[in-house]
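Visitor: Structure below; questions to follow.
The values are calculated or read from the model by the stated rules, or taken from the named source; none is laboratory data. Worth saying up front: this structure is predicted, and the values here are computed from it rather than measured. Reconstructed Cβ throughout: ideal geometry from the backbone, glycine too, with neighbour counts over all protein chains shown.
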Amino acid sequence: MAKENGKSEATIAITRWEPVLVYPVEETGDEYFFLSNLDQNIAVIMKTVHLFQANERRSSDDVGQVIKGALAKLLVHFYPLAGSLTISSEGKLIVKCDGHGVPFVEAVAECAMEVLGDISTPDPEKLGKLVYTDPGAKSLLETPLLTVQVTRFRCGGFVVGLAMNHCMVDGLAAMGFLKSWAEIARGLPLSTPPFLDRTILRARQAPKPEFPHHEFDDIEDVSNLAQLYTSEPLQHRSFTFDAAKLGRLKQMAMEGDGPLESYTSFTALTGLIWRARTRALNMGPHQKTKLLFAVDGRARLEPPLPVGFFGNGIILACCLCEAGELLDQPLSFAARLVQTAVRGTTDGFIRSAIDYYEVTRARPSLTATLLVTTWTQLGLSSLDFGWGEAVQTGLVDLPQKEVALFIPVWKESKSTVVVLGLPAPCMEVFQELMDF
């Protein structure tokens, strides 16, 4: 089942108060905060909204004050988020702990929250009103590392909207931050204090990349994909894969030449989306196409990253082949490539990737590339600031046109929603390929 973004049927009128800056309630230490090489290439602003329905036993009239007060206490533990981004003497991103503060905005909506509907598909026009962005920021370095907007709706429900720089957190670190925030709002101690020291992910003193790092390969655009994206409007849709459909997909992935292998839902689904997107974009047979996907390296490193690690612990795994080969072979071919890339994400590979960036300062090329990221294991529905657990979480927009996001179906752990954008004519082809 596909869902498409579009104009909101109902107009959402939002009244915002002026932003106030929230500071840690206690003095914090360091002047500068180190960002690892895993943080450097993902300095994009991620805008998310978290929806909480009305609680019959507790008014939301003071929700803004409660969440703001909890944030001031939380920033003592997560103080780098109150700083600002700058460039180090090595030419890398680093956080200056200058007490810049976190912009915090309270707002009210002249409607009930149900007007938002299903927010699984990004909708910048509608959901963008629920997130505050600093109008004075002219560059990424001037953009706050975190902004917060709490919007109360007429029904008593509210939305917490965040704009957070990805260089500060990956999905697991962001969820740890949010859960800690919610614990303080509920008057509880932190169950998992953050581990802030990212120097444990420094490059080796004599960097030694030991693996090929095709994630950084530049690909020639022989299929004129850039022209396609500029000539056609980008359309976002979400596709739901319930347990039965995922079961059929995993069975399809095991059909083909060679011995049967068992594939995870992620492996089979990633292979399917890569092939379908390649066909929908009508890539030429000799067009190289790349698949990148985030793998959590926390437990793969030796020793593993400490519990509560606050930063990016993800590494980009890569598959690369010609479009013709990808499409001529059965789904099992793509699934096997994904599985091999996952298994290859070892401590040695991660250390090699960190060193590769140290030597080259390369950025992953995204030509003819699909970048998959998944939220299915984050436990988003457990977030509770004291008015009950979240009822929906969504992304305002996808950070890059090459991104596909896997998110859980709310309260249904065995179902997955895939969200992506494609040029409009290509999206029609893609949707047909999702019917099986």
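Visitor: Taking the range 318-331 as the search range and keeping residues that are without any contact (Cβ under 8 Å) to a residue 60 or more places away in the chain and not in a strand (DSSP E or B), which one is surrounded by the most Cβ atoms within 10 Å (Cβ to Cβ)?
Guide: 326
Visitor: Please find, among 334, 353, the residue that is closer than 29 Å to residue 218 by Cβ, surrounded by 17 or more Cβ atoms within 10 Å (Cβ to Cβ) and touching a His at 6+ places or on another chain (Cβ under 7 Å).
Guide: On the way: 334 fails: touching a His at 6+ places or on another chain (Cβ under 7 Å).
Unique residue meeting the criteria: 353.
Visitor: Next up: Can you spot a residue in the range 413-421 that is buried (at least 22 other Cβ atoms within 10 Å of the Cβ), part of a strand (DSSP E or B) and among the hydroxyl-bearing types (Ser, Thr, Tyr)?
Guide: yes
Visitor: Turning to a different aspect of this structure: Out of the residues in the range 279-327 that are among the charged types (D, E, K, R) and farther than 21 Å from residue 427 by Cα, which is farthest from the chain's Cα centre (by Cα)?
Guide: Restricting attention to the range 279-327, the residues satisfying the condition of being among the charged types (D, E, K, R) are 279, 288, 290, 296, 298, 300, 302, 322, 325.
From what's left, farther than 21 Å from residue 427 by Cα: 296, 298, 300, 302, 322, 325.
Working: 296: 13, 298: 17, 300: 20, 302: 25, 322: 27, 325: 30 Å.
Top of the filtered list is 325.
Visitor: Does residue 103 fit the bill of being in a loop (DSSP other than H, G, I, E, B) and either surrounded by fewer than 22 Cβ atoms within 10 Å (Cβ to Cβ) or not assigned by TED's automatic domain parsing to the domain that holds residue 404 (or both)? I'd like the intermediate steps shown before the answer.
Guide: Numbers: in a loop (DSSP other than H, G, I, E, B): no; either surrounded by fewer than 22 Cβ atoms within 10 Å (Cβ to Cβ) or not assigned by TED's automatic domain parsing to the domain that holds residue 404 (or both): yes.
Against the criterion (in a loop (DSSP other than H, G, I, E, B) and either surrounded by fewer than 22 Cβ atoms within 10 Å (Cβ to Cβ) or not assigned by TED's automatic domain parsing to the domain that holds residue 404 (or both)), residue 103 does not qualify.
Visitor: Only one of these is surrounded by fewer than 22 Cβ atoms within 10 Å (Cβ to Cβ), closer than 25 Å to residue 312 by Cα and without any contact (Cβ under 8 Å) to a residue 60 or more places away in the chain: 84, 36, 89. Name it. Explain how you work it out, then say what you get.
Guide: On the way: 84 fails: without any contact (Cβ under 8 Å) to a residue 60 or more places away in the chain; 36 fails: without any contact (Cβ under 8 Å) to a residue 60 or more places away in the chain.
Going through 84, 36, 89 in turn, just one is surrounded by fewer than 22 Cβ atoms within 10 Å (Cβ to Cβ), closer than 25 Å to residue 312 by Cα and without any contact (Cβ under 8 Å) to a residue 60 or more places away in the chain: 89.
Here's the yes/no breakdown for (1) modelled with pLDDT of 95 or more; (2) loosely packed, with under 11 Cβ neighbours inside 10 Å; (3) among the hydroxyl-bearing types (Ser, Thr, Tyr):
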{"residue": "192", "(1), (2), (3)": "yes, no, yes"}
{"residue": "195", "(1), (2), (3)": "yes, no, no"}
{"residue": "199", "(1), (2), (3)": "yes, yes, yes"}
{"residue": "202", "(1), (2), (3)": "yes, no, no"}
{"residue": "211", "(1), (2), (3)": "yes, no, no"}
{"residue": "217", "(1), (2), (3)": "no, no, no"}
{"residue": "220", "(1), (2), (3)": "yes, yes, no"}
{"residue": "226", "(1), (2), (3)": "yes, no, no"}
{"residue": "231", "(1), (2), (3)": "yes, yes, yes"}
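Visitor: Please count how many residues of the range 127-162 are under 20 Å from residue 54 (Cβ atoms) and not in a loop (DSSP other than H, G, I, E, B). Reasoning before the result, please.
Guide: Step one: list which residues in the range 127-162 are under 20 Å from residue 54 (Cβ atoms), which gives 127, 129-130, 149-161.
Okay, now just the ones that are also not in a loop (DSSP other than H, G, I, E, B), so 127, 129-130, 149-152, 158-161.
So the answer is 11.
Visitor: Got a sec? Which of 387, 410 is at pLDDT 95 or above and either over 21 Å from residue 131 (Cβ atoms) or touching a strand residue (DSSP E or B) at 6+ places or on another chain (Cβ under 7 Å) (or both)?
Guide: Numbers: 410 fails: at pLDDT 95 or above.
387 is the lone residue from the list that is at pLDDT 95 or above and either over 21 Å from residue 131 (Cβ atoms) or touching a strand residue (DSSP E or B) at 6+ places or on another chain (Cβ under 7 Å) (or both).
Visitor: Report the residue count in the range 173-218 for those that are part of a helix (DSSP H, G or I) and more than 20 Å from residue 309 (Cα to Cα). Reasoning before the result, please.
Guide: Here is the first cut: in the range 173-218, the residues part of a helix (DSSP H, G or I) are 173-185, 198-201, 214-216.
From what is left, the residues that are more than 20 Å from residue 309 (Cα to Cα) are 185, 214-216.
Of the residues in that region, 4 qualify.
Visitor: Let me ask something additional. Scan the range 261-274 for residues that are closer than 19 Å to residue 436 by Cβ and surrounded by fewer than 19 Cβ atoms within 10 Å (Cβ to Cβ) and report the count.
Guide: The initial filter retains those residues of the range 261-274 that are closer than 19 Å to residue 436 by Cβ, namely 263-274.
Now restrict to residues that are surrounded by fewer than 19 Cβ atoms within 10 Å (Cβ to Cβ): 264.
Count: 1.
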